[in-house]
Amino acid sequence: MFKNYFKVAVRTLTKNKMFSFINIFGLALSMSVCLIVLIRIKDQVGYDQFHPHPSRTYRIITDISNKEGNQFHFATSPLPFMKDLTGKYDIVESATQLYLPGNQDASTAKKKLAVNKIFTDPSFFKVFGFTLSSGDAATALSLPNSVVLSREAALRFFGTTNVSGQTLAFKDWGDFRVTGVLDPPKGKSHIDYEALLSMSSVPVLEKEEKLKPFLDSWNNFTTSYTYLTVRNGITERQLHAAVTATSADIIKNSKMVGKESFSFKEQPFKDIILGDELNFSIGNVGSRGKVWAEAGIAFIILLSACFNYTNLSIARSFNRGKEVGIRKVSGAFRSHVFMQFILESVLV
């Protein structure tokens, strides 16, 4: 019986070529769009899944209002904030900063290449889930003029991953000694850099006027990021109280220029991906609003294709009255006719 239903369904589709083409093409196109959107969403939510303490990790962000009343939301925070917070409150287990002072090409004796880099400190490996294939994570970034390279960067510059002790030169910052090589990350992360330079190099470079004096400046909101992991048992409310109090103390003694008001806030690490859109965000963090918009458009396209299929099927059903009548006269039950039409739909 099902074999006969299948034969009739195939003949019906081949007989009504235009109807079949419109339905199949419309459904295929709409389903393809939906699958592409789902792949994008799956990829986006797959970021930053390998870090050790995501539920206890936060990023400090900044809200600023100028004299004209315009509000700006930054993913960044000034470099002195971490020292000020950890010095006043014993709630932080580990804290690290990412500092992006500008572009500098790196070179060896044979090559000069652009490299994606940041300054950071040894706590980087405590807050995040990155590991080293060579070198000691506890000391690799402790000394000035130290650098840790990704596996890809090591291969690009030296042709091998056995590069401990090699020298990488930056035009204005001088020579940095390679002290480690990163393992390939266990997953995607919005923190994606080829070279990690030791933060202990910054005071020396500032003293030599090779970097702007931002290490103790509260007026820089565009080049540094603060991440911290709170101690076990510390709630987000407790962290919020500490951050708010720190903000109040800073505002009270502030000499910032062009800022009518500002405040610092804690952003849960899980809210960075597909969170609010912030100025100077790093990495592929995405936007919740844009993802929902994409999903909504894809759903509308698929729904339109379904309505199109339904309308065409209903319109064509008026031309199949004789066929249905002959089937019933021949002894077909309602369930048989229903099964025939369902099989055609499944085949499409």
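Condition check: touching a residue at least 24 places away in the same chain (Cβ under 8 Å) and touching a Gly at 6+ places or on another chain (Cβ under 8 Å). Does G69 satisfy that?
no
For segment 207-222, what are the residues that are crowded, with 17+ Cβ neighbours inside 10 Å and not aliphatic (A, V, I, L, M)?
K210, F214, W218, N220, F221
Just to verify a result, which residue in segment 103-120, among those that are modelled with pLDDT under 95 and in contact with a Ser or Thr (Cβ under 8 Å, 6 or more places away or on another chain), is surrounded by the most Cβ atoms within 10 Å (Cβ to Cβ)?
T108
Condition check: at pLDDT below 90, closer than 21 Å to A95 by Cβ, of a type in the set (D, E) and touching a helix residue (DSSP H, G or I) at 6+ places or on another chain (Cβ under 9 Å). Does D216 satisfy that?
Spelling it out, D216 is indeed at pLDDT below 90, closer than 21 Å to A95 by Cβ, of a type in the set (D, E) and touching a helix residue (DSSP H, G or I) at 6+ places or on another chain (Cβ under 9 Å).
When the residues of segment 272-292 are filtered to those that are surrounded by 14 or more Cβ atoms within 10 Å (Cβ to Cβ) and of a type in the set (D, E, K, R), which remaining residue is farthest from K42 (Cα to Cα)?
First pass over segment 272-292, keeping only residues surrounded by 14 or more Cβ atoms within 10 Å (Cβ to Cβ): 272-276, 278-283, 285-288, 291.
Within this subset, residues satisfying the condition of being of a type in the set (D, E, K, R) are 276, 288.
Numbers: D276: 18, R288: 13 Å.
Among residues in segment 272-292 that are surrounded by 14 or more Cβ atoms within 10 Å (Cβ to Cβ) and of a type in the set (D, E, K, R), the one farthest from K42 (Cα to Cα) is D276.
Does segment 144-154 contain any residue that is at negative phi, touching a residue at least 40 places away in the same chain (Cβ under 8 Å) and among the basic types (K, R)?
no
Anything in segment 50-82 that is in a helix (DSSP H, G or I) and farther than 14 Å from A245 by Cα? List them, or say none.
Correct list: P54, S55, R56, P80.
Looking at (1) of a type in the set (D, E); (2) free of Cβ contacts under 8 Å to residues at least 24 places away in the same chain; (3) closer than 22 Å to D90 by Cα, find the lone condition where E236 falls short.
(2)
The values are calculated or read from the model by the stated rules, or taken from the named source; none is laboratory data. Every value quoted in this text rests on a predicted model; they were computed, and no experiment measured them. Glycine also receives a Cβ, built like all others from the backbone with ideal geometry; neighbour counts cover every protein chain displayed.
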